[in-house]
Amino acid sequence: MSEFLNIIRHERRLKSALKSLSIEELESIKEKFDSVVAKRREEEAEKLREQQEKAKKIKEFKAAMADAGIELSDILEQELGGEPIVKTTKKRAPKPPKYEYTDDEGNRQTWTGQGRMPKPMKTALDNGKPLESFLIK
């Protein structure tokens, strides 16, 4: 199949492959190609019409729901049951600090244990100090 596609996609290859055909045979092939292209255009147009119709219906449903004061979560709650669906708009709270250390300038600093380890802690650990000694109690 890929060899066929390589031939019809390149004009020189196509011309070479069709050299032995008569004009009548070429016209017949052209009519078949035109028919395939026309059908494909109709299918694409129908698909586009369906998508536009669907988008229009969705817009109508959204407007009707807004007029009635109904949200999608209300519908899903009834269909799925269980706890009410609540929109989460809040950011997650920052993780509390887990470790405390003193930096090079003598200031007390904290670290959550996530991300890159602070240099003063890394240096202390390299010198044999246990990680548990930095825990906030």
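A few remarks follow.
Yes/no matrix, rows are residues, columns are (1) under 25 Å from L5 (Cα atoms); (2) charged (D, E, K, R); (3) assigned to a helix (DSSP H, G or I):
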| site | (1), (2), (3) |
| --- | --- |
| K19 | yes, yes, no |
| S28 | yes, no, yes |
| F33 | yes, no, yes |
| V37 | yes, no, yes |
| R41 | yes, yes, yes |
| I75 | no, no, yes |
| Y101 | no, no, no |
| Q109 | no, no, no |
| K122 | no, yes, yes |
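- Residues that are assigned to a helix (DSSP H, G or I) and surrounded by 10 or more Cβ atoms within 10 Å (Cβ to Cβ) within region 1-14 comprise N6, I7, I8, R13, L14, listed in sequence order.
Bear in mind that the values in this text are calculations on the coordinates, not laboratory data. If you're wondering where the values come from, they're calculated on a predicted model, not measured in any experiment. Glycine also receives a Cβ, built like all others from the backbone with ideal geometry; neighbour counts cover every protein chain displayed.
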